[in-house]
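Peer 1: Following this message is one structure expressed as structure tokens.
Readers should treat all values here as calculations from the given coordinates under stated rules, not as data from a laboratory. Only a predicted model underlies this, so the values are computations on that prediction, with no experimental measurement involved. Here the Cβ is made from the backbone with ideal geometry for all residues, glycine too, and neighbour counts use every protein chain on show.
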């Protein structure tokens, strides 16, 4: 659709990849050997550049109309987040403090009929017991040591940190 310039229909229906969350911009590379699909957000941005507005979606398709007809639909918010309410195909990934990666939402590969193997068991880093002290983030990292006292000079946390640091780094006597 991006390369079409001389044809401007009143309505355009275009397929998007419903597994891409609505707040993500993704444009499939221009390569006919690739079959990935683009995100609704990216397609909507392209539509606006071409003089179209989003008026509806189905599970897989976005429906746009020329901007001059948009007011006829009386839509207050036509952002992809407001229009596309179907989330059943989307997979979301987030990380926890301990390095665990959580996957929520859809856990099947939509176009391949394959279920993800144990999607809740992804661990990107070893457990805290396996991490060396050098690789751990703590309240003693550079930001806190350098900036915390200037932000909160009388902060009790700063004193606590100094105390803990002394306890953990003082030579032990037997």
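Peer 1: Given the criterion surrounded by 14 or more Cβ atoms within 10 Å (Cβ to Cβ) and under 20 Å from residue 92 (Cβ atoms), identify the matching residue among 20, 55, 63.
Peer 2: Values: 55 fails: under 20 Å from residue 92 (Cβ atoms); 63 fails: under 20 Å from residue 92 (Cβ atoms).
Matching residue, one of 20, 55, 63: 20.
Peer 1: Output the strands (runs of 3 or more DSSP E) that fall wholly within the range 1-100 and possess 3 or more residues being under 30 Å from residue 115 (Cβ atoms), or say none.
Peer 2: Details: elements: 11-15, 52-57, 61-66, 91-95.
Fully inside the range 1-100 and qualifying: 91-95.
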